[in-house]
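Here the structure comes first, spelled out in structure tokens, and everything after it is commentary.
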DNA sequence: CTAGGGTTAG
């Protein structure tokens, strides 16, 4: 048994009771130092000596031996070491639990995030004691309600607080937050308006409520009202203002807030730095984001330790098209102390997918497993990464070994197959998905439709259209409409494509491109041009895909003049830099129409080195017009540029095959074998021309 | 009592 001397007893009692109190209330509730101690149960003194979990049990044992019943302090002690179940059992044995003991047991459960017991002890206290009005407990319960997004509990607490007549601005501010987290903006505002002495925290809580409930603009306006009362925001306030600007895409206002932070000397912590960084990523320049990143990681010694901050920069690079920079930041030695979490890894996997960097991708896979972050959503990212890197078997393996597949799992693997040219496997997976009773969503429909479009699976596409209509996916997503339209166009059903197009409420450049391409495929170049004019009338900015399909449409309809005009318009009026595809389309346009010399001149004038597609188009034209002199010129120049690319030989072979010179085709094939080139395409493609002549591109 | 980062699609 431990011996307690009077000296120890006095010293113990003079200490503040901060151990049992809660935040700002602690100052009002502790026992004043100059009071003589009332006789206290032995556990209060002994509890000070308990520094280790096992000593609690020793204490408990000695209490039993000395005949003392377990009391609140012992229970508290058990709870403080995390033995909550034990604490609960003893609590329920208390002959008459007091207000104070309820308060303690609630607090310990709250600190250990055991929400259900926080609520049940509160209810028990109210039935046992009749009423239970305590500002500390109200704060704890409101925080619990806020975390659980429990509107029933929030409303009940609101009633009890009003009934208790003891509400102060702290509790009301918590109530604003609880209503806000439950998505009840109006109720939050009502409570806010009732707070008599609003602090910066009250204002901030209300601003946060607006920003988090998709009313960012109101949040900014409330900040203006706050400043009318000559109240300045703190680091929390400006943080939510920056988030508001991010959500609204307001770079200008965001910069103003950044200036306000500097002007008011608000110290930037990692939360605010992350918000600012993210604001620049989403509405501004990646360079500005990097400035914030550098400034904060230099100015604060410990600032470089923040995982979320570091991740935000990685995400920024990944989202804004700098995947290489994201990987470099990840491998930067300066940040080696920080371990990535699932958010970091998800973003990095996306960066690898963009770069098709399979080495880093596999390394990240190892990290996912090593850190035990192997959840469904990360597995989905892995599936996507493997698929985009062309490792379909690996993608399928990760998918197949995922225990809790969700819709995204199926979508990722289906889209992966569809985009890597394995349309039939994609369709097969879609069947399996339905057999396993998964409900497809808009993304599924888009993926499967693109598979259908590429192999002309008309029936399946039709049933998907029905499905999409039934579940209202066509009107809900512009992607679904575009995919449907693209599907009908690729299957040669221009009427249905047009019907889908006309029925779509909202259209973007991709939608228009699909429709322009649909007309072009039917040989209706005039229709394509008319659509393009309509598109400009609706003040939509065409993208490079629109011009690619438009030029292809002109080419297929023999509209050389129009094609040249459009190319000019694209380069000179809109300042587009033509891509290799655009050049190929132009050469195709000229060569197909028989203007071979002009096409060759065009190639000579190109500011970049012509690629495969450009020569392919030219050779195709040579074949169409049986002009082998020009064809051989092109062949020689191709061989000079890239003597060891198998695809060129395929083009040459196609040229001879188009004229039925099978002997030459055989010779070229021999040449490929001799040079040890083995990249042989495995499909043959049948294409109908406008002149109704059939060209067969023979696989070599 | 108030605050930060993501992955699937045309």
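The values are calculated or read from the model by the stated rules, or taken from the named source; none is laboratory data. Please read all numbers here as calculations on a predicted model, not as lab measurements. Heads up, the Cβs are rebuilt from the backbone with ideal geometry, glycines too, and the neighbour counts pull from every protein chain shown.
Please work out if residue A:459 is under 28 Å from residue A:510 (Cα atoms) and away from DNA strand B (no atom under 15 Å from the Cβ). Yes: the conditions hold for residue A:459. Within the range A:108-120, residues that are closer than 17 Å to residue A:139 by Cβ reach partners that are in a loop (DSSP other than H, G, I, E, B) with beta carbons closer than 8 Å, at six or more positions or on different chains, in the pairs A:112/A:82. Answer yes if at least one residue in the range A:147-159 is modelled with pLDDT under 95, in contact with a helix residue (DSSP H, G or I) (Cβ under 8 Å, 6 or more places away or on another chain), within 12 Å of DNA strand B (Cβ to nearest atom) and within 18 Å of residue A:126 (Cβ to Cβ), and no otherwise. There is no residue in the range A:147-159 that is modelled with pLDDT under 95, in contact with a helix residue (DSSP H, G or I) (Cβ under 8 Å, 6 or more places away or on another chain), within 12 Å of DNA strand B (Cβ to nearest atom) and within 18 Å of residue A:126 (Cβ to Cβ).
Quick one: is residue A:134 surrounded by fewer than 16 Cβ atoms within 10 Å (Cβ to Cβ), in contact with a helix residue (DSSP H, G or I) (Cβ under 7 Å, 6 or more places away or on another chain), without any contact (Cβ under 8 Å) to a residue 60 or more places away in the chain and under 23 Å from residue A:110 (Cα atoms)? Against the criterion (surrounded by fewer than 16 Cβ atoms within 10 Å (Cβ to Cβ), in contact with a helix residue (DSSP H, G or I) (Cβ under 7 Å, 6 or more places away or on another chain), without any contact (Cβ under 8 Å) to a residue 60 or more places away in the chain and under 23 Å from residue A:110 (Cα atoms)), residue A:134 does not qualify. With a requirement of 2 or more residues that are out of contact with any helix residue (DSSP H, G or I) (no Cβ under 6 Å at 6 or more places or on another chain), the helices (runs of 4 or more DSSP H) lying completely within the range A:459-562 that satisfy it span A:473-476, A:494-503, A:525-537. Within the range A:369-388, the only residue that satisfies the criterion of being buried (at least 23 other Cβ atoms within 10 Å of the Cβ) and more than 10 Å from DNA strand B (Cβ to nearest atom) is A:386. Here is a check on your reading of the model: is residue A:593 modelled with pLDDT of 80 or more and closer than 19 Å to residue A:580 by Cβ? When the stated conditions are applied, residue A:593 does not pass them. When residue A:409 is tested against (1) closer than 30 Å to residue A:346 by Cα; (2) under 28 Å from the mean Cα position of the chain (by Cα); (3) free of Cβ contacts under 8 Å to residues at least 24 places away in the same chain, exactly one condition is not met: (3). Got at least one residue in the range A:102-122 being exposed (fewer than 15 other Cβ atoms within 10 Å of the Cβ), assigned to a helix (DSSP H, G or I) and over 36 Å from the mean Cα position of the chain (by Cα)? Yes, because at least one residue in the range A:102-122 is exposed (fewer than 15 other Cβ atoms within 10 Å of the Cβ), assigned to a helix (DSSP H, G or I) and over 36 Å from the mean Cα position of the chain (by Cα). Determine whether the range A:281-300 contains at least one residue that is in contact (Cβ under 8 Å) with a residue 12 or more places away in the chain, closer than 30 Å to residue A:340 by Cα, surrounded by fewer than 17 Cβ atoms within 10 Å (Cβ to Cβ) and within 10 Å of DNA strand B (Cβ to nearest atom). Within the range A:281-300, none of the residues are in contact (Cβ under 8 Å) with a residue 12 or more places away in the chain, closer than 30 Å to residue A:340 by Cα, surrounded by fewer than 17 Cβ atoms within 10 Å (Cβ to Cβ) and within 10 Å of DNA strand B (Cβ to nearest atom). A residue that is farther than 21 Å from residue A:315 by Cβ and away from DNA strand B (no atom under 12 Å from the Cβ) can be found somewhere in the range A:234-254. Just wondering, is there one or more residues in the range A:464-472 that are at positive phi and within 15 Å of DNA strand B (Cβ to nearest atom)? The answer is yes; a qualifying residue exists. Cβ-Cβ below 8 Å, separation at least six or inter-chain, first residue in the range A:306-318 and on the phi < 0 side of the Ramachandran plot, second within 6 Å of DNA strand B (Cβ to nearest atom) and in a loop (DSSP other than H, G, I, E, B): which pairs? Note: pairs meeting the criteria are A:307/A:341; A:311/A:341.
For the range A:325-364: of the residues being closer than 22 Å to residue A:391 by Cα, in contact (Cβ under 8 Å) with a residue 24 or more places away in the chain and away from DNA strand B (no atom under 12 Å from the Cβ), which is surrounded by the most Cβ atoms within 10 Å (Cβ to Cβ)? By that ranking, first place goes to A:361.
Output the residues belonging to the range A:510-547 that are under 35 Å from the mean Cα position of the chain (by Cα) and within 13 Å of residue A:486 (Cα to Cα). If the condition is that a residue be under 35 Å from the mean Cα position of the chain (by Cα) and within 13 Å of residue A:486 (Cα to Cα), then A:510, A:511, A:512, A:513, A:514, A:515, A:516, A:517, A:518 are the ones that fit.
Does the range A:304-319 hold any residues that are in contact with a helix residue (DSSP H, G or I) (Cβ under 6 Å, 6 or more places away or on another chain), at pLDDT below 95 and more than 9 Å from DNA strand B (Cβ to nearest atom), and which are they? Hit for the range A:304-319 is A:304, nothing else. For the range A:404-416, the set of residues classified as more than 6 Å from DNA strand B (Cβ to nearest atom) and surrounded by fewer than 24 Cβ atoms within 10 Å (Cβ to Cβ) consists of A:404, A:405, A:406, A:407, A:409, listed by residue number.
Comparison of A:558, A:503, A:527 shows that the only residue that is away from DNA strand B (no atom under 12 Å from the Cβ), over 25 Å from residue A:417 (Cα atoms) and in contact (Cβ under 8 Å) with a residue 60 or more places away in the chain is A:558.
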